[in-house]
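So the structure is just underneath, and the comments pick up after that.
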Amino acid sequence: MDDLRQRLTEVAQEVADQAQGPGPEAARRRGRRRAGMRTTATALALALAVGGFIVARGLVRGTAETPSLSGSARPAPPRTVALPVLGPLRPQDYALDSKLQAGGRRTGPLEIVAQGAKGGKAWRIVAYRASLKEGNSICAFFESKATGRTATCQSETQGLAVASIGHRVYYGFVAKQVGTVRLTVNGATPASVNVKPTKASQEFPVDFYAAFVPPQTPSNASVDLTTLDANGHQLCQQALVPAAGRSRC
Amino acid sequence: MNRGGDFDEFYRATFGRLVGQLFFVTADLHEAEDVVQEAMARASSRWSQLENYDLPEDWVRRVAMNLAIDGLRRARRRAVAMIRLGPTSDVPPISADGVLVATALRQLPLRYRRAVVLHYLVGLPVQEVARELGIPVATVKTHLARGRRALATQLRLDPQEVQPKHG
């Protein structure tokens with residue numbers, strides 16, 4: 001060992017002998033305090049990030065189109081996808097968005113599960129079953145010459161209630177025992193819209209519906225979704241946020 | 001022995017040694033104690049992982065070293081303001097030789113100090129010092145050579161006695 005190494009080692013030993021730490025219990029307390037602060041900071045940062053995202057999304061979409069209503073679920077907003085609409089069912093037009101549905105895949109055939117016309121414009125719902133990270137899911141595309149096309153996927157164990165562009169129509173799926181879907185729109189005349197879900201094929205464990213709200217309905221109107229069985233008994237009621245995805249009903 | 005007991009044993013076995021090593025980076029006993037205590041606190045909160053490491057002491061030393069460097073950088077930024085108030089009384093309560101070494105270390109750039117500590121005190125080969133510090137082996141050799149030369153001058157060692165023994 002050379003002289004420098006020896007000098008350093010001797011001093012280090014001297015310092016080590018004199019070192020007076022607060023002790024292991026103090027270190028553990030400090031560690032627990034740090035962990036608590038880290039948890040709090042993480043939660044705060046997450047809350048800020050989520051809040052910022054929601055605000056930013058509202059700014060991008062335009063606040064008039066995404067009014068904030070409380071007491072409703074908003075987990076899976078619909079996506080507007082490119083035209084064409086109402087053309088032939090080409091699988092490539094209904095592919096899962098790889099960015100939003102990474103790892104997901106279609107597990108069933110494309111089907112037109114509901115269709116009709118409103119104000120002289122044709123509309124339809126195209127759906128298929130899919131395997132997503134949430135589990136077995138149903139992807140539904142609402143298409144209309146008037147509103148374009150909106151798409152979303154939702155676990156088939158949940159209901160789905162989605163407002164299409166402009167919130168003039170709500171579409172989604174409900175359990176097969178549902179006989180009527182009722183939308184109650186505050187401030188609209190008439191105040192409620194009743195539709196019967198279209199019976200889907202055996203491919204789907206649910207039925208689909210599309211309910212149009214009166215054209216004069218304010219875009220920030222609160223909307224309640226009620227499901228009734230075939231005898232008119234209420235099964236479920238839930239406040240909806242325009243553009244919301246998951247439904248408890 | 002339970003996990004708390006394991007950590008206590010680890011703490012008692014290594015705290016002093018780590019402070020002795022970190023002293024050569026901070027050049028201040030209290031600062032060295034503080035960074036090692038903070039590193040120990042971090043180790044305690046993840047002890048279930050660290051206790052499976054071959055050398056948990058390496059992890060604690062690395063954390064303490066980073067904390068010391070951060071602290072020194074902050075101190076450097078404060079130095080301009082502090083200089084008007086005169087020197088701080090942070091001379092450690094150690095022997096005359098210890099004071100001499102601490103004073104000599106303060107003259108060394110931080111990057112030299114880290115290399116000197118890891119190589120001469122911890123006993124890491126040059127290659128491992130390079131890996132630990134994330135710099136090329138040649139740079140480590142340069143830091144060691146310049147650090148040695150500066151310390152030899154400061155401590156009035158015979159330069160021939162402190163020739164490199166790189167491994």
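The values are calculated or read from the model by the stated rules, or taken from the named source; none is laboratory data. Just so it is clear, the structure is predicted and the values come from calculations on it, not from any experiment. No Cβ is skipped: glycine too gets one built from the backbone with ideal geometry, and neighbour counts run over all protein chains shown.
Could you list all residues from the range A:200-227 that are of a type in the set (A, V, I, L, M) and more than 17 Å from A:GLY187 (Cα to Cα)?
Passing the criteria: A:ALA200, A:VAL206, A:ALA210.
Could you list, in sequence order, all residues of the range B:122-136 that are under 18 Å from B:PHE24 (Cβ atoms) and assigned to a helix (DSSP H, G or I)?
B:VAL126, B:GLU128, B:VAL129, B:GLU132, B:LEU133, listed by residue number.
Looking for something farther than 15 Å from A:GLN202 by Cα, surrounded by fewer than 23 Cβ atoms within 10 Å (Cβ to Cβ) and in contact (Cβ under 8 Å) with a residue 40 or more places away in the chain - is there at least one such residue anywhere in the range A:125-139?
No, because not a single residue in the range A:125-139 is farther than 15 Å from A:GLN202 by Cα, surrounded by fewer than 23 Cβ atoms within 10 Å (Cβ to Cβ) and in contact (Cβ under 8 Å) with a residue 40 or more places away in the chain.
Can you work out which of the residues in the range B:9-28 that are touching a Gly at 6+ places or on another chain (Cβ under 9 Å), farther than 13 Å from A:GLY31 by Cβ and facing another protein chain (nearest Cβ under 9 Å) is surrounded by the fewest Cβ atoms within 10 Å (Cβ to Cβ)?
B:ARG12
Can you find, within the range A:24-70, the residue that is modelled with the highest pLDDT among those that are basic (Lys, Arg) and exposed (fewer than 14 other Cβ atoms within 10 Å of the Cβ)?
A:ARG32
Considering only residues of the range A:1-23 that are within 17 Å of B:GLY123 (Cα to Cα) and among the charged types (D, E, K, R), which is surrounded by the most Cβ atoms within 10 Å (Cβ to Cβ)?
Taking the candidates together, the pick is A:ARG7.
Would you point out the residue of the range B:42-53, among those that are more than 18 Å from the chain's Cα centre (by Cα) and among the small types (Gly, Ala, Ser), that is farthest from A:PRO24 (Cα to Cα)?
Of everything passing the filter in the range B:42-53, B:SER48 is farthest from A:PRO24 (Cα to Cα).
Of the residues B:PRO109, B:PRO93, B:PRO87, which is facing another protein chain (nearest Cβ under 10 Å) and modelled with pLDDT under 90?
Step by step, each of B:PRO109, B:PRO93, B:PRO87 is checked, and only B:PRO93 is facing another protein chain (nearest Cβ under 10 Å) and modelled with pLDDT under 90.
Would you check if A:GLY21 is out of contact with any Asp or Glu (no Cβ under 8 Å at 6 or more places or on another chain), under 26 Å from B:GLU9 (Cα atoms) and modelled with pLDDT of 80 or more?
Here the answer is no, as A:GLY21 does not meet what is asked.
Just one of (1) at pLDDT 90 or above; (2) surrounded by 13 or more Cβ atoms within 10 Å (Cβ to Cβ) trips up A:GLY232, so point out which.
Every listed condition holds for A:GLY232 apart from (2).
Checking the condition free of Cβ contacts under 8 Å to residues at least 40 places away in the same chain and either part of a helix (DSSP H, G or I) or of a type in the set (A, V, I, L, M, F, W, C) (or both), which residue from B:GLU9, B:GLU57, B:GLU31 passes?
B:GLU9
Taking B:ARG74 as meeting all but one of (1) under 23 Å from A:ARG34 (Cα atoms); (2) modelled with pLDDT of 85 or more, write down the number of the exception.
The one condition B:ARG74 does not meet is (2).
Failed condition for A:MET1, given (1) modelled with pLDDT of 60 or more; (2) over 31 Å from the mean Cα position of the chain (by Cα), with all others met?
Every condition holds for A:MET1 apart from (1).
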